[in-house]
1. Answer yes or no: is there a residue in the stretch 125-136 that is part of a loop (DSSP other than H, G, I, E, B), small (Gly, Ala, Ser) and surrounded by fewer than 24 Cβ atoms within 10 Å (Cβ to Cβ).
2. Residues of the stretch 43-72 being crowded, with 23+ Cβ neighbours inside 10 Å, under 18 Å from residue 343 (Cβ atoms) and not β-branched (Val, Ile, Thr), which ones?
3. Return the pairs, sorted by first residue and then second, in which the second residue is in a loop (DSSP other than H, G, I, E, B) and of a type in the set (A, V, I, L, M), the first residue lies in the stretch 158-179 and is farther than 14 Å from residue 191 by Cα, the beta carbons are less than 8 Å apart, and the residues are 6+ apart or on different chains.
4. Which one is nearest to residue 65 (Cα to Cα) among residues in the stretch 345-382 that are basic (Lys, Arg) and outside any loop (DSSP other than H, G, I, E, B)?
5. Take residue 53 and tell me if it is of a type outside the set (S, T, N, Q), assigned to a loop (DSSP other than H, G, I, E, B) and modelled with pLDDT of 95 or more.
6. Does the stretch 62-81 hold any residues that are over 17 Å from the mean Cα position of the chain (by Cα) and either under 17 Å from residue 179 (Cα atoms) or in a strand (DSSP E or B) (or both), and which are they?
7. Would you confirm whether or not the stretch 218-232 contains a residue that is in contact with a Pro (Cβ under 8 Å, 6 or more places away or on another chain) and farther than 23 Å from residue 372 by Cβ?
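The values are calculated or read from the model by the stated rules, or taken from the named source; none is laboratory data. Note that the coordinates shown come from a computational prediction; the quantities given were computed from them, not determined experimentally. Here the Cβ positions follow ideal geometry from the backbone for every residue, glycine too, while neighbour counts run over all protein chains shown.
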Amino acid sequence: MRPTTLLLLAQWLPFALSAQTATTSDRPRARDLGVAPGIFRPGPLNAITDVPGVRVGQATVIEGDSVRTGVTAILPHGGDLFRERVPAGIHVGNGFGKFLGVTQVRELGELETPILLTCTLCVWQAADAMVGWLLQRPGMQSVRSINPVVAETNDGGLNAIRSRPIRPAHVIAALEGANEGAVAEGTVGAGNGTVAFGWKGGIGTASRALPASLGGYRVGVLVQSNFGGVLQMLGVPIGKALGRYSYRTQTMAERGDGSIIIVVATDAPLSERQLERLAARAMFGLARTGSDASNGSGDYAIAFSTAASVRRNPAGGSMRALASLQDDAVSPLFQAVIEATEEAIYNSMLRATSVTTRGRTVEALPIDSVRAILARFRAGDR
C-alpha cells in the first residue's frame, strides 16, 4: 500500500470497516434453514469468489446516528484489468438507476475497471476515487480514458444520503482490501443501509458448480438488495405470513420501491453476447424471491467471464482469436445463475442485522419466525 493511501486511511478508517469484520456471524445463511434453490451444488464458499480469481472488498461506513452506507468492490481478477480486460454484458430489468459505465460496456462488451457498488448520491465520488486510484497504478502514466463501472441503490431511508458521505479512502479500502476468500454478507459495504421487502437488506452471495459432464464451470453471484415485493422462499409466502409486504394496505404508501444490483461472474468462456444473455437470466432468480419490479426499482445485472481464452488486450494487435462456448452449452449456466441469484438474495436478508438511524428502525428478518413458517409449509400445514 502506498504512503498516500495510508494517510487517507488514517483519516477515515474510524468509519471504514473491512468486510472481514462484519458482525453477522450469528445469523444463518439460506442453507442453514434448508433453503437450497435448484439442482446444482454450490462451490466451496457458496460465494462469487468461488469463481477462480474473483476478489471482493468492502468498506462499511458508519458516522454518528445518520450515516449508514458503504462500498463493495468486485475485481474480476488480480492482474492489470485495464490491460487484461474481461468480456462483459449488462441486462437492464428496469432502468431507474444511475449505473455509470453502461454504454461503453454495452458498446465494446468488456470491463476495464473493477465494479463498485455504493449509494445513489455517492456514485460520482466513488467513480472519481477509483479513477484516481487506477491512474496511479504502474503503467498507467499515459492513460487518458477510463470507463469506471459504478452501480447503486438508494439507501436514503437509513442513510443521510444527501451528505454524500463516501470518501476516496473508503473506495481505496474496498479496492485494496479485496480478496478471494469468504464474502461478508448482510449489513456490510454497499448493503449497510439497504432495505428489502420491508426488512433489512444488504449484500448477499452464492455460487453454483456445474458437474464435469456439463463443463465443470462455476457461476458466482453477488447482490445489493434494496427492493420491494412479497417475499417468498422456495415458493413459501414468507412476507404474507409475517404481515409485511408491498401494498399490504392496498395504498401507494406501501409500494415497496427500491433497486437491486446483481453481479454475475463465471469462468466459462463466454462472449459478451452470451454474457448479456446470462445477465438476463439473473432476473428470473430475482422474480422467484417475490420482487414486484416497481416503477422506481432500478434492477440491473452485469455478468463477466474470467476465462483466459476470452480476455482482451488492447495492445495485442489488430486481430484476436477468442474461443467461447457454443450457445447450446450455455443453457446449464442459465440454470446456475437463476439458482445462485435467488439464494444470494435470501442470504443478503438472512445475514443482515437490524439498523436504527435518526429514530427509524428497520428490522432484520426474524429468523425463528421464518424457520417456523418454512417448517409449517413443509409439513403441509398452510
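1. Among the residues of the stretch 125-136, not one is part of a loop (DSSP other than H, G, I, E, B), small (Gly, Ala, Ser) and surrounded by fewer than 24 Cβ atoms within 10 Å (Cβ to Cβ), which makes the answer no.
2. Within the stretch 43-72, 46, 47, 50 qualify.
3. Partner pairs satisfying both residue conditions: 176/1.
4. 360
5. yes
6. 62, 63, 67, 68, 78, 79, 80, 81
7. Yes, the conditions are met somewhere in the stretch 218-232.
Condition check ((1) modelled with pLDDT under 95; (2) under 26 Å from residue 195 (Cα atoms); (3) surrounded by fewer than 18 Cβ atoms within 10 Å (Cβ to Cβ); (4) of a type in the set (Asp, Glu)) across all residues:
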residue: 263; (1), (2), (3), (4): no, yes, no, no
residue: 280; (1), (2), (3), (4): no, yes, no, no
residue: 316; (1), (2), (3), (4): yes, no, yes, no
residue: 328; (1), (2), (3), (4): no, no, yes, yes
residue: 334; (1), (2), (3), (4): no, no, yes, no
residue: 339; (1), (2), (3), (4): no, yes, no, yes
residue: 343; (1), (2), (3), (4): no, yes, no, yes
residue: 347; (1), (2), (3), (4): no, yes, no, no
